[in-house]
Amino acid sequence: MSNVSTCITYDASTSLIMMTLRGTASAQDVMNFYQIAQQYVSIYGSNKLLVDVSELTHKFPASDLLTIMPAVSKWLSSCFIARVVSFDGFMHDLFLQNAQRFDIKAENFDCFNSAKNWLVNQPSI
């Protein structure tokens, strides 16, 4: 069972969509989060997504990323994604490797400000 707290906002001053996820997430939860993010991308016309997963625990096997990534790549192919991750980074590193395989422009950061600065310097739609 998943137990996740989600907050998503749009910052017009930087054109960033920011999402914070806390708790324990299933593979379906992760797909749902990125689908919601895609809806914000459509609504606000932004291609910059900052996702803070530093307090999120993955409650699914690493092999489920093979199912997650094709769906996520369809929704977010035009986006730059900066992910703030924790030190327990195996799943985060695996996510990043698979993102690159599907041509998703994503980077992992251990600092919110570094992630935000990287995104601000990426080209807009």
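The values are calculated or read from the model by the stated rules, or taken from the named source; none is laboratory data. Predicted, not measured: the structure shown is a model, and the values here were computed from it. Please note: Cβ atoms are built from the backbone with ideal geometry, for glycine as well, and neighbour counts cover all protein chains shown. Only protein heavy atoms, including side chains, enter the accessible area calculation; ligands, DNA and RNA are left aside. Shrake-Rupley method; radii C 1.70, N 1.55, O 1.52, S 1.80 Å.
Would region 19-36 turn up any residue that is open to solvent by less than 70 Å² (accessible area, probe 1.4 Å), under 19 Å from residue 122 (Cα atoms), of a type outside the set (Phe, Trp, Tyr) and at pLDDT below 95?
Initial filter on region 19-36 (open to solvent by less than 70 Å² (accessible area, probe 1.4 Å)): 19-21, 23-27, 29-34, 36.
Checking the rest, the ones that are also under 19 Å from residue 122 (Cα atoms) come to 19.
Retained after the next criterion (residues that are of a type outside the set (Phe, Trp, Tyr)): 19.
So of that shortlist, the ones also at pLDDT below 95 come out as none.
Within region 19-36 (the criterion being open to solvent by less than 70 Å² (accessible area, probe 1.4 Å), under 19 Å from residue 122 (Cα atoms), of a type outside the set (Phe, Trp, Tyr) and at pLDDT below 95), the answer is no, since none of the residues qualifies.
So, of the residues in region 17-59 that are in contact with a Leu (Cβ under 9 Å, 6 or more places away or on another chain) and of a type in the set (Phe, Trp, Tyr), which turns out to be farthest from residue 109 (Cα to Cα)?
Looking at the filtered set, the residue picked out is 40.
Which members of region 6-22 meet the condition of being in contact (Cβ under 8 Å) with a residue 60 or more places away in the chain and more than 13 Å from the chain's Cα centre (by Cα)?
14, 15, listed by residue number.
So in region 46-69, with the set limited to residues that are open to solvent by 30 Å² or more (accessible area, probe 1.4 Å) and among the hydroxyl-bearing types (Ser, Thr, Tyr), which one is modelled with the highest pLDDT?
54
With the requirement that a residue be touching a strand residue (DSSP E or B) at 6+ places or on another chain (Cβ under 7 Å) and assigned to a loop (DSSP other than H, G, I, E, B), what does region 29-52 give you?
Answer for region 29-52, where residues must be touching a strand residue (DSSP E or B) at 6+ places or on another chain (Cβ under 7 Å) and assigned to a loop (DSSP other than H, G, I, E, B): 46, 47.
Can you confirm whether region 104-122 contains a residue that is in a loop (DSSP other than H, G, I, E, B), closer than 17 Å to residue 63 by Cα and not charged (D, E, K, R)?
no
How many residues does region 23-56 hold that are without any contact (Cβ under 8 Å) to a residue 12 or more places away in the chain and touching a Gly at 6+ places or on another chain (Cβ under 7 Å)?
The number of residues fulfilling the criteria is 0.
Tell me which residues, restricted to region 88-115, are open to solvent by 60 Å² or more (accessible area, probe 1.4 Å), in contact with a strand residue (DSSP E or B) (Cβ under 6 Å, 6 or more places away or on another chain) and not hydrophobic (A, V, I, L, M, F, W, C).
Selection gives 105, 107.
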